[in-house]
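The values are calculated or read from the model by the stated rules, or taken from the named source; none is laboratory data. Given the structure is predicted, the values throughout are model-derived calculations rather than measurements. Cβ placement follows ideal geometry from the backbone for every residue including glycine, while neighbour counts extend to all protein chains displayed.
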Amino acid sequence: MLVEVVILISVVIVILYYAIFHGIEKRSNLVFVAVLGDLGHSPRIIYHALSLVQNNYKVYLLGYDDSCIMKEVLEHPNLSVHYLKKPSTPLHFPKRAFYLLYLPFKTISLLLNLVMSFIILPAPQHILIQNPPAVPLMLVALFFSKLRGAKLIIDWHNFGYTILALKLGKTSFFVKLYKHYEIFLGKFADDNFCVTEEMKKALSACNIKARKLYDRPPAIFKSLSEEEKIQFFKDFNNNYFNAFPSPNKCHSVKFIVSSTSWTEDEDFTILYDALKLYSLARQSQSPHLPAILCIISGKGPMRSHFEALVRRSPLDHVSIHTVWLAIEDYPRFLAAADLGVCLHLSSSGIDLPMKAVDMLGSGIPVCAVSYRCIDELIIHGVNGLIFKDARELSLQLQNLFYCTDNNGSSLLEALRKGALEFQKRRWTDQWNEVALPTFR
């Protein structure tokens, strides 16, 4: 027994020694940027990494390899991607029981994976993590920041305990435990960013001081000329499926886009019901209401349910499709549209949908479902419209698209001008002003 204890202590000492001193001479201007999520679905953390290397920092980017990320990240000489191993997901459990049984397994697996990753990589000067998820990344990042003398920065997108509450309920013991863990450890960070004024206030109430760093669109999201739109329609029909009409008929069809991860916090039956009401209105008001082509980009667990609904009950004068777009096609997809629709309902009520940021950055107005702080992004009547339910969204679509001449709706044009105004301030401008001083 004594021999085993001595061996275990020796191994721990070796690991700690290696963790403290490995690569410490390379620490200057080195930043770990980490998220417990798919890097291809974590644009804000990608933008952080690119902003850092543009300011002469060397970056190790940590996350899951579930989908493609932009070439600029993979090919940059000062940016190295370190993929984390994603825990396998056991099947055949009822929803709540599955989650309760799976959580300890997932946590331990991630903990070991993160510890090994932080040990084998050189010691950084800064560690920037995205939250949520906080378990166990926040704990590991805090431990290694103290161990290696690095500065820990947390970028708060939301509160992880509110997301967990969607699955387990607000009164769950695990949700309460997660909240205490998240807030307690968050107080030890050296600096914090957050995405809204409301989140800044909520963090301040927990004695966590954060800098408000709004999401802004990078330069890849931009408007398209009419010729570029027509070319995109051709490319889409060739590369995905034949959805768009011939160029001479495109003006008679309005193109609506939405994007989603198909999770439970976005109810796309609202969009379907709104389009159903629009279809009924068009039958009585035609030809002043144009046909609609609606394409939803994304992949996730709820996608098949929505597709089954569309197949079961197709609509007249409204065509609905789902697609998973290549990363290089997504910005053109948004910019080619007449209107974006956002159904993001924040679990906490104090974060903002980046998908709507991308739409505005592409120069298209957005209709967004109402919740607590959405007006920090979508200003009703200026760059978009805010709705509460399917009926209100349907009326907004009718008001935006109803026209008796070739000039179209004056409301739609006014909102488009508001979206173009939003375009003017980009991610780089925002990041250099708010975030760069933290790293210097």
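The number of residues in the stretch 36-63 being closer than 13 Å to GLN130 by Cα, assigned to a strand (DSSP E or B) and touching a Leu at 6+ places or on another chain (Cβ under 7 Å) comes to 4.
Just a yes or no: is a residue in the stretch 405-427 within 25 Å of GLY298 (Cβ to Cβ) and in contact with a strand residue (DSSP E or B) (Cβ under 7 Å, 6 or more places away or on another chain)? Taking every residue of the stretch 405-427 in turn, at least one turns out to be within 25 Å of GLY298 (Cβ to Cβ) and in contact with a strand residue (DSSP E or B) (Cβ under 7 Å, 6 or more places away or on another chain).
Scanning the stretch 245-271 for residues that are in a strand (DSSP E or B), within 21 Å of the chain's Cα centre (by Cα) and β-branched (Val, Ile, Thr) returns ILE256, VAL257. When the stretch 63-95 is filtered for residues that are modelled with pLDDT of 85 or more and small (Gly, Ala, Ser), the ones remaining, listed by number, are GLY63, SER80. Among the residues of the stretch 344-385, just one is touching a Lys or Arg at 6+ places or on another chain (Cβ under 8 Å) and free of Cβ contacts under 8 Å to residues at least 24 places away in the same chain, namely SER370. Among helices (runs of 4 or more DSSP H) entirely within the stretch 149-244, having at least 3 residues that are surrounded by fewer than 18 Cβ atoms within 10 Å (Cβ to Cβ) singles out 173-186, 197-205, 226-239. The set of residues in the stretch 366-379 being in contact with a strand residue (DSSP E or B) (Cβ under 8 Å, 6 or more places away or on another chain) and part of a helix (DSSP H, G or I) consists of ILE374, ASP375.
Cβ separations smaller than 6 Å between residues 6+ apart or across chains give the following pairs from the stretch 29-40 residues that are within 20 Å of ALA123 (Cβ to Cβ) to residues that are among the basic types (Lys, Arg) and modelled with pLDDT of 95 or more: ASN29/LYS58; LEU30/LYS58. Of the numbered criteria (1) closer than 24 Å to ALA419 by Cβ; (2) in contact with a strand residue (DSSP E or B) (Cβ under 8 Å, 6 or more places away or on another chain); (3) not β-branched (Val, Ile, Thr), the one GLU328 fails is (2). The residue that is modelled with the lowest pLDDT, counting only those in the stretch 277-295 that are out of contact with any helix residue (DSSP H, G or I) (no Cβ under 8 Å at 6 or more places or on another chain) and more than 14 Å from PHE401 (Cα to Cα), is SER284. Taking the condition more than 30 Å from LEU377 (Cβ to Cβ) and touching a residue at least 12 places away in the same chain (Cβ under 8 Å), does ASP265 pass? Considered against the rule, which asks whether it is more than 30 Å from LEU377 (Cβ to Cβ) and touching a residue at least 12 places away in the same chain (Cβ under 8 Å), ASP265 comes out as no.
Applying a threshold of 7 Å to beta carbon distances and a minimum spacing of six or more residues, or different chains, the list of pairs starting in the stretch 427-440 at a residue that is without any contact (Cβ under 8 Å) to a residue 12 or more places away in the chain and ending at one that is crowded, with 17+ Cβ neighbours inside 10 Å is empty. Screening ALA274, ALA337 for residues that are within 18 Å of ASP389 (Cα to Cα) and either buried (at least 18 other Cβ atoms within 10 Å of the Cβ) or touching a helix residue (DSSP H, G or I) at 6+ places or on another chain (Cβ under 6 Å) (or both) leaves exactly one candidate, ALA274.
Regarding the stretch 153-171, can at least one residue be identified that is under 25 Å from GLU266 (Cβ atoms) and more than 24 Å from the chain's Cα centre (by Cα)? Checking the stretch 153-171: at least one residue is under 25 Å from GLU266 (Cβ atoms) and more than 24 Å from the chain's Cα centre (by Cα).
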